[in-house]
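Values quoted throughout were computed directly from the atomic coordinates according to the rules given, and no laboratory measurement underlies them. No experiment lies behind these values; they were computed from the predicted model shown. No Cβ is skipped: glycine too gets one built from the backbone with ideal geometry, and neighbour counts run over all protein chains shown.
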Amino acid sequence: MGAPGGVKDRETDNMATLKLEIVTPEAKIYSEDVDMVTLPGVEGEMGIFPMHIPLMTQVAAGEITARKGGQDHFLAIGEGFVEVTGTRVAVLTDMAIKADDIDEARAEEARKRAEARLAEKLTEEETATVQASLMHSLTQLNVKRRRRV
């Protein structure tokens, strides 16, 4: 039942949501209706609410926070792009993993391997690949360690 005088009651009215989709070359990692999204932009964090103006920009490696039903869900992502419309946030990235799915020991081992490889004599292409791997490992470790209680 609405509020007196025909004014909508925000508590009972369905709040607008965004469809958040996070896609990597391998798979669709996340596809949910959410209340709000916080993204790691190249110039700082961006908070996206429903009815946001259309936007297309780069995202930096870091943490995405998806708020749904008053609860926050966290994901580690690599570099990529985001397209925002009033009803949808689509992230295309080279790496994405839910914080709960991050294996800290495995990420730490990958970090150590990448750092050791960087000490070797590598071609430019090999260096870029190893640096990307290192960034993925560090991002996962940062997200996992920030979520510890």
**Study point:** Close Lys-Lys pairs in the chain, where close means Cα under 16 Å and separation is 8 or more or interchain
**Key:** 5
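Order 74-86, 123-135, 26-38 from most to least packed using the mean count of other Cβ atoms within 10 Å.
Details: 74-86: 19.0, 123-135: 13.6, 26-38: 15.2.
Result, highest mean first: 74-86, 26-38, 123-135.
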Practice item. Before rounding to the nearest 500, sum -39500 (n - 2.57) across all DSSP H runs of length at least 4 in the chain and divide by the residue total; then give [θ] at 222 nm in deg cm²/dmol. Key: -8500 deg cm²/dmol
Check your understanding: Per residue, what volume in Å³ does the Cα convex hull of the chain take up?
Key -> 133
Review point. Distance in nm between label sites at Ala116 and Ala90, each 7 Å beyond Cα in the beta-carbon direction?
Key: 4.1
Review point. Measuring from a point 7 Å past the Cα of Lys28 along Cα-to-C-beta, which residues in the range 96-127 have an amide N at less than 20 Å?
Key: 96-99
Study note, to complete from the structure: Expected unfolding gain across Arg146-Glu124 under the 0.36 nm per residue rule, minus the alpha-carbon gap, is 4.7 nm
Exercise for review: Bin all alpha-carbon pair distances of the range 102-146 at 10 Å intervals from 0 and give each bin's fraction as a whole percent.
Suggested key: 32, 49, 17, 2
Review point. If you project the alpha carbons of the range 18-82 onto the principal axes, what extent comes out on each, in Å, largest first?
Key: 27, 26, 18
